[in-house]
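Participant: I'd like to ask some things about the structure below.
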Amino acid sequence: MMSSQPATPVPKQNSLWKRGSINVPGRPKLKSASKSKAADADSFQNFTESVSDAWDIGDDEFCNLSIGDMIISPGEVHSAALSVLESHKQSTLSVKPNACTDAGKAEALQRLAMKDAVPRLPDHVIHPKHYPGFPRPIGQGSTAVRTSSESETSSEALRIQKFQTILFEGSSSINMEELKKLSWSGVPSAVRPDVWRLLSDYVPPNRDRWESVATKKREEYWNYVENYYKTRSDEQNGETYRQIHIDIPRMAPLMPLFQQPLVQEILERILFIWAIRHPASGYVQGINDLVTPFFVVFISEHVERCLELTSNSPPNVDKVVSAEALRSVEADTFWGFSHLLSGIQDHYTFAQPGIQKRIHQLADLVQRVDKTLHAHIARHDIDYLQFAFRWMNNLLTRELSLQCTLRLWDTCLVEPQGFGLFYLYICAAFLFHWRDELLRQMDFQSLMLLLQNLPTKDWTPKEIEVLTAEAYRLKYVFDGAPNHLAK
Amino acid sequence: MSYAYLFKYIIIGDTGVGKSCLLLQFTDKRFQPVHDLTIGVEFGARMITIDGKQIKLQIWDTAGQEAFRSITRSYYRGAAGALLVYDITRRDTFDHLTSWLEDARQHSNSNMVIMLIGNKSDLESRREVKKEEGEAFAREHGLVFMETSAKTAANVEEAFINTAKEIYEKIQEGVFDVNNEANGIKLGPQHGPANVHPGSGNASMSQSGGCC
């Protein structure tokens, strides 16, 4: 049992994780970590000051902090994972010998997360073939424009080429294993639509069949719309439609793209069609937030400057995307969204048993990994349901920016049970990230306010890389462990 | 900051009636025209003064969608006050009050003070529910009634504070057992049986001046 392992949560895989008595592989300190933490602390401080009239140190129970009880330090995890990712980039993108011990350790950890090393990049610049008819040749021609406009680094350009090699070069059958390995660490926005279609089983690995399959799927969606959308005024489906209709304008209030009437109509159709085709759950608030990432990804392949779309003053969608292309975007969004939900349907059936189970498991996991944090939460009468419910119900879309969500989902689309069991580890890693701040809160009120308003404003995909690496580590240790994770 | 009492509230009512906006206006004194859907429950808090006494309000704002009812029901227990909110521009939200009230009465302690609130009173031109109807419903079911606007802040303070006054009066009358936290009321530290920090000795607490 974990309880007898105060120094490390990894009793069985000691040889993998703990080579020295103190140095844990992939856990060197990195300076940049402390900087972002300071910023986080600042923003939370601002927040606390703004509600200072409601704050009261020590009004509930008290707690004794004992740092000695600490099992995992999120600071260490954070810096470790950062360095893992840094060194992984160095080692895979350039041919650089790994003499440094830290980098070597870090690479080992990352390799474990990737299960295998990724193939080496070819030296020449790749010009993928053009496949007419298939939704806008991603990364073909337009990549250069997008790359420079998003000022991606040259290493990012190399990464894009790697993806393009897999997607467009060689035999018509895509090597899905290679693609998954590469995608786990993030998919460049230029190739994300193609990659997500493949990872969502929307199109088959055989490239020659992409176009025909996609065309068929799109027709299928539009047939649903034709047959079912008119039932929105029926007595049976009217309530579902009314609910979606009043919810859509309240979605993503900070992204003007989703205030455009045309975009709202698209979301409304997608949600309504999904809801009436899945009567066991129907429409549950929160799943609307799971549509937007797919929409943004699939529309991005039709616009030259996709960053503009998510800006504060996006162009009108119908001005920059043809009606025909928008029909494809809508259908692709529907199928991507449907695929995601098919893995977590019990999250949204009556009484949401899937979420209840995950939250129960989260509490169990935290208790095993970090007794101090768990005791702190319990001492202040905080129920995991009170903060983790939204995390699970909306898959952290409320906690993370869209950009971060996309990066997170790159990994989750690759992971088996990526939006189910793996999200449990993601949520746990997310909670551990705030450990120190949480332990500083001395009463129910401040703890709850922090848990419900975690300062992720400045998060970038870099933080998500740390999060996924840590989630993978937790999964590696706990998945399938006997007596583990309460039923 | 010390307080005499802590009261716990719950805000309930159909989705989109303005529950979260009422809370935001009360705790932050601002209005957000487009408010994201509340998922599960959200927490807010503020200190108020009644009869010269500091009272801390801790408020659970609940999701209105039926699908979340099994989650939000558990928050009735342990609430001393409830704001039951409808939207004066949407008749259906008024029609659903009976079922909300049944739910509340069934799952809460019997002394819970319920304030009925007709929100969005700034939208007079779109009004579908007359003020008299709200008053009649409140009278019939023994509730306190008020029309509010989270947008203009009209009556928002009053709604939360008058609910607290009712609870306070019930305490004075001895209706509430203040030593039973399940009632949603907690005595402040200086009213407690002892001023000693239970099992503490934590240095960081000294900044609160010896008393929390």
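The values are calculated or read from the model by the stated rules, or taken from the named source; none is laboratory data. Predicted, not measured: the structure shown is a model, and the values here were computed from it. A quick note on method: Cβ atoms are made from the backbone with ideal geometry, for glycine too, and the neighbour counts reach across all protein chains shown. Remember, those area values only see protein heavy atoms, side chains included, never the ligands or the DNA or RNA. Shrake-Rupley method; radii C 1.70, N 1.55, O 1.52, S 1.80 Å.
Participant: Average partner chain C-beta neighbours within 10 Å, per residue of A:277-289?
Facilitator: Averaged over the peptide's residues, the number is 3.
Participant: Can you tell which of B:VAL34, B:VAL178, B:VAL85 shows the greatest fluctuation in a Gaussian network model of chain B with Cα springs below 10 Å?
Facilitator: Highest fluctuation of the listed residues: B:VAL34.
Participant: Over both sides of the B-A contact, add up the buried accessible area with a 1.4 Å probe and give it to the nearest 100 Å².
Facilitator: Looking at B and A, the buried total is near 3700 Å².
Participant: Okay, next question. What FRET efficiency, computed as 1/(1 + (r/R0)^6) with R0 = 56 Å and r the Cβ-Cβ distance, is obtained for B:ASN180 and A:GLN259, rounded to the nearest 0.05?
Facilitator: 0.70
Participant: If you take the square roots of the eigenvalues of the alpha-carbon gyration tensor of region A:208-295 and sort them as a ≥ b ≥ c, do you get rounded (a/c under 1.5), prolate (a/b over b/c) or oblate?
Facilitator: Because a/c hits 1.5 or more and a/b fails to exceed b/c, region A:208-295 counts as oblate.
Participant: Per residue, how large is the accessible surface of region A:209-347? Use a 1.4 angstrom probe and give square angstrom.
Facilitator: 43
Participant: In peptide B:31-37, what is the residue-averaged number of other protein chain Cβ atoms found within 10 Å of each Cβ?
Facilitator: Per residue, the number of nearby Cβ atoms from other chains is 5 on average.
Participant: Next question, about the same structure. Using only Cα atoms, find the angle between the long axis of helix B:19-28 and the longest principal axis of chain B, and express it within 0 to 90 degrees, rounded to the nearest 10.
Facilitator: Here the helix axis deviates by roughly 40 degrees.
Participant: With a probe of 1.4 Å, find how much accessible area region A:418-487 has per residue, and write the answer as a whole number in Å².
Facilitator: That works out to 28 Å² per residue.
Participant: Can I ask one more? In the structure shown, do any of B:LYS29/B:LYS53; B:LYS29/B:LYS130; A:LYS162/A:LYS457; B:LYS53/B:LYS130 have a Cα-Cα gap over 25 Å, and if so which?
Facilitator: As for pairs spanning more than 25 Å Cα to Cα, those are B:LYS29/B:LYS130; A:LYS162/A:LYS457; B:LYS53/B:LYS130.
Participant: Keeping the other protein chains in place, figure out the carbon and sulfur percent of the accessible area of region A:209-347, with a 1.4 Å probe.
Facilitator: Looking at region A:209-347 in its full context, I get 49 percent from C and S.
Participant: Keeping every protein chain in place, order A:ARG379, A:ARG440 by accessible area at 1.4 Å, biggest value first, i.e. largest first.
Facilitator: A:ARG440, A:ARG379
Participant: Accessible area per residue for region B:5-187 in Å², computed with a 1.4 Å probe and the full protein assembly in place, what is it?
Facilitator: 38
Participant: Give the carbon-plus-sulfur fraction of the accessible surface of region B:146-186 in %, rounded to a whole number; probe 1.4 Å, heavy atoms of protein chains only.
Facilitator: With neighbouring chains kept in place, the figure for region B:146-186 is 43 percent.
Participant: Name the long-range amide H neighbours of B:GLN54: under 5 Å, sequence gap of 5 or more, or other chain; modelled H, no Pro or chain starts.
Facilitator: Hits under the 5 Å cutoff: B:ALA4.
Participant: Let me ask you something else. Within region A:241-330, which GluC sites (Glu not before Pro) sit in a loop by DSSP and count at most 14 neighbouring Cβ atoms inside 10 Å?
Facilitator: A:GLU304
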